[in-house]
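Here's the structure we're looking at; comments come further down.
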Amino acid sequence: SRVDGRSVLVGESLTRVDAGVRVIEVSGPPNLTNPGDFKNTTIDVKVCTRYYIVAFKPNRLESDFTPQIDYELPVPGCTPPAAYK
């Protein structure tokens, strides 16, 4: 939903951000009694890396969740700027 307090486009699956420590706000999955909560997590973003963030729930009935990185992949064809080499 937000990166460093700024909104990102709704419905976009990819949001580009600069490398460094970022505060990411994510929305959790809805259930029958809750439309989904918002929580923050801090990520030290690496250059030329794509992150897949998920809302981990202990079980299907819980509305509480913990945002976490599911996995990260290098961005194909990305060349880091000289400052990051």
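The values are calculated or read from the model by the stated rules, or taken from the named source; none is laboratory data. Just so you know, these numbers come straight off a predicted model, no measurement behind them. Because the Cβ atoms are built from the backbone with ideal geometry, glycine has one as well, and the counts that use them run over all protein chains shown. Just the protein is used for accessible areas: all its heavy atoms, side chains included, with ligands, DNA and RNA removed. Shrake-Rupley method; radii C 1.70, N 1.55, O 1.52, S 1.80 Å.
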Would you work out the charge dipole size for the chain about its Cα centre, treating the Cβ of every Lys and Arg as +1 and the Cβ of every Asp and Glu as -1, and quote it to the nearest 20 debye? 200
Quantify, in whole percent, the carbon and sulfur part of the accessible surface of the chain (1.4 Å probe; protein heavy atoms only). 53
Probe 1.4 Å, accessible area per residue of region 1-63, Å²: 75
Give me log10 I(q)/I(0) at q = 0.11 Å⁻¹ for the chain, Debye formula, one equal scatterer per alpha-carbon, no solvent. -0.35
